[in-house]
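Okay, so here's the structure we're looking at.
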Amino acid sequence: MTKKDTKLVGLGREPSLHAGAVNTPVYRMSTVLFPDVETLVDGNQPYTYGRRGTPTTRALEDAFCELEGGARTVLTPSGLSACMLAILTVCGAGDHMLVTDSIYGTTRISCQRLAKRLGINVTFFAPTTTAAKLKEQFRPETKAVFLESPGSITFEVQDVPAIAAAAHEKGIAVIFDNTWATPLHFDALGHGVDLSVQSATKYIGGHADVLLGAVTANAAYKERLVHAHGDLGLCASGDDAFLTLRGLRTLSVRLKRHQESATELAIWLKTRPEVARVLYPPLHDDPGHVLWKRDFTGGCGLFSIVLRDASDEAVAAMLNGMKHFSLGYSWGGFESLALPCRYHRSFPKKFEGPLVRLHIGLENVDDLKADLVAAFERLRGVS
């Protein structure tokens with residue numbers, strides 16, 4: 001069987017269809033012309049209107065679909081729109097959805113605001129809830145369970161196969177945000193997920209220059225996904241699809257470097273007196289490591305550190321003036337980022353001090369260590 005990192009090189013490209021071009025070209029199109037009335041009426045040609053797909057967007061959808069092992073993938077303008085599309089594929093007015101409390105913050109806000117306005121009732125559950133305990137929260141009107149593992153701030157790992165099995169016993173769909181691991185390191189559909197969501201903005205794009213989301217469905221939810229996608233008028237540009245296809249080619253080598261550097265820095269950070277805890281499932285002593293080791297084939301460059309008790313002013317002094325870590329909300333690009341974490345939770349976790357999320361980019365690890373050493377000196381200077 002061909003390995004995924006080999007597939008990444010060839011997925012979504014057909015040089016014979018594009019004058020031998022090794023990369024699928026950018027197609028910018030809205031109106032599509034038909035050769036005659038009969039073809040127009042029957043819709044009997046591959047492309048009918050730009051919103052319904054172009055050769056560039058279809059190439060990326062096909063690549064995602066094969067990588068995920070799904071029945072159909074659709075593209076959206078952002079990761080958030082992909083999350084909401086997945087929800088609206090399976091939920092409507094009067095339905096109930098269970099959502100992990102560690103969900104991406106903007107998805108949480110949309111669940112509380114937009115989903116509520118549409119009549120979808122949302123209950124958040126603690127991210128370490130077992131499948132047996134979660135079953136107790138199922139209602140007759142529960143239509144979906146939304147998981148994110150690991151969570152992108154506090155990094156709890158969920159038992160996805162057990163939760164999926166429990167949900168499927170009741171005919172409940174499982175949605176999974178797989179942005180942290182990507183399909184390269186976590187086989188979402190193979191672990192029981194029905195709709196796998198990607199913010200391709202992050203590691204798959206990989207260069208901090210594209211906004212894109214993707215949802216991949218299994219056979220059971222394929223038609224509902226396509227219909228919801230079309231009804232909402234969602235689409236992606238050929239330029240963004242091209243950039244994402246470009247990023248896909250190097251995903252394997254980039255993720256390997258991200259994880260290697262992140263692991264080295266995470267182990268080093270555990271020795272620092274300023275750091276109370278490192279939240280990173282690939283570490284052997286992380287609470288989620290056993291599940292991560294069982295279900296994942298790799299990690300990435302994103303983790304959080306818990307500082308020992310420090311004021312907001314001290315954290316700001318730490319982060320201001322960093323040379324190689326920039327301040328920014330996103331992650332998954334080539335650059336290292338730092339972010340002070342403030343988040344709302346229904347089941348707040350108690351930590352020794354404030355959280356700082358780090359994305360470890362492709363810079364030299366020694367340079368990143370030196371940057372953090374200087375940052376800790378500024379932290380101590382205020383505390």
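Some notes on this structure:
- Here r is the Cβ-Cβ distance between M29 and I109 and R0 is 41 Å; the resulting FRET efficiency, rounded to 0.05, is 0.75.
- Net dipole in debye of segment 118-192 [+1 Lys, Arg Cβ; -1 Asp, Glu Cβ; about Cα centre; nearest 20]: 240
- Taking the charge dipole of the chain about its Cα centre, with +1 at Lys and Arg Cβ atoms and -1 at Asp and Glu Cβ atoms, the residue from Y343, C235, L283 reaching farthest to the positive side is Y343.
- Rounded if a/c under 1.5, otherwise prolate or oblate - segment 89-182, Cα gyration tensor axes: oblate
- Fewest neighbouring Cβ atoms within 10 Å first, the residues V9, V160, V145 line up as V9, V160, V145.
- If both residues of a DSSP beta bridge must be in the chain, then about 55% of such bridges are antiparallel.
- For the chain, the mean residue ellipticity at 222 nm estimated from helices alone is -10500 deg cm²/dmol, where every DSSP H run of n ≥ 4 contributes -39500 (n - 2.57) and the total is divided by all residues, rounded to the nearest 500.
- Within straight-line cross-link reach of K3, lysines at Cα separation under 27 Å, skipping those fewer than 8 residues along the same chain: K202, K222, K256, K293
- Rounded to 10°, Cα long-axis angle of helix 365-382 versus longest principal axis of the chain: 50
- Cα centroid separation - segment 150-174 against segment 17-68, whole Å: 35
- When the Cα convex hull of the chain is projected onto planes of every orientation, the mean area is 20.4 nm².
- For the chain, with +1 on Lys and Arg beta carbons and -1 on Asp and Glu, the positive-most of H191, V41, V382 along the dipole: V382
- Signed unit charges on C-beta, dipole axis of segment 251-382, positive-most listed residue I360, P273, T297: T297
- Relative contact order of the chain, pairs being alpha-carbon contacts under 8 Å that are 6 or more residues apart, as %: 17
- Folded to 0 to 90 degrees: helix 160-169 orientation relative to the chain principal axis, Cα: 50
- Distance between segment 321-383 and segment 217-291 - C-alpha centres, whole angstrom: 18
- Helix axis angle, 79-90 relative to the chain longest principal axis, alpha carbon, degrees: 60
- Per residue Cα convex hull volume in Å³ - calculated over segment 251-382: 114
- Rounded to the nearest 20, the size of the Cβ-charge dipole of segment 140-180 about its Cα centre is 120 debye, with Lys and Arg at +1 and Asp and Glu at -1.
- K133/K293 FRET efficiency (R0 22 Å; Cβ-Cβ; nearest 0.05): 0.45
- Sequence ranges 316-322, 161-167, ranked by mean other-Cβ count within 10 angstrom, highest first: 161-167, 316-322
- Summing Cβ point charges (Lys, Arg +1; Asp, Glu -1) relative to the Cα centre of the chain gives a dipole of roughly 480 debye.
Quick note: the coordinates plus some simple rules give every number you see, no bench work behind them. Predicted, not measured: the structure shown is a model, and the values here were computed from it. Quick reminder, even Gly has a Cβ in these numbers, built from the backbone with ideal geometry, and neighbours come from all protein chains shown.
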